[in-house]
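Quick note: the coordinates plus some simple rules give every number you see, no bench work behind them. It should be emphasised that the depicted structure is a prediction, and the values quoted were computed from it without experimental measurement. Positions of Cβ are generated from backbone atoms using ideal geometry, with glycine treated the same way; all protein chains shown enter the neighbour counts.
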Amino acid sequence: RALSYTDGMTALHNYRFFRLRLKEEIARARREDSKLSLLIMDVDHFKNYNDTLGHPAGD
C-alpha cells in the first residue's frame, strides 16, 4: 500500500496520496465543523516539463 502512494524514484508522496488525504481532511473538517484551507500554486512553464518528461513525472 505504501508503494502506491509514493513515487518510486523520489519516495515523495504522489497525486493519489494527495487525493486520499484531501478527502480525509474534508471529512474531518465537516465532522468537527472546522475550516479547511488549500493552497494551489501555478508553476510558470510547467507544461514544458510535462511535455518533455511526461505527465506521470509532472504529477
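What longest region of the chain stays clear of trypsin sites (Lys or Arg not before Pro) that DSSP places outside H, G, I, E and B and that have at most 16 other Cβ atoms within 10 Å? After excluding every exposed loop site, the longest remaining stretch is 2-34.
Kirkwood analysis of the chain, using all unique Cα-Cα pairs, places the hydrodynamic radius at 13.6 Å.
Extending 7 Å from Cα along the Cβ direction at residue 13 and again at residue 25 yields two label points whose distance is 0.7 nm.
Roughly how tilted is helix 15-31, in degrees to the nearest 10 and between 0 and 90, from the longest Cα axis of the chain? Taking Cα atoms only, the helix is inclined about 10 degrees.
Taking the helices alone, the chain has a mean residue ellipticity at 222 nm of -14500 deg cm²/dmol, built from -39,500 (n - 2.57) per DSSP H run of at least 4 residues and averaged over all its residues. Amide H contacts of residue 14 (H built 1.01 Å from N, in plane; Pro and chain starts excluded): 6, 7 sit under 5 Å, all sequence-distant by 5 or more or on other chains. Within the shell of other residues whose beta carbon sits under 12 angstrom from the beta carbon of residue 22, the net charge comes to +3, with Lys and Arg scored +1 and Asp and Glu -1. Mean-square fluctuations from a GNM of the chain, with a 10 angstrom spring cutoff on Cα atoms, peak among 20, 38, 12 at 38.
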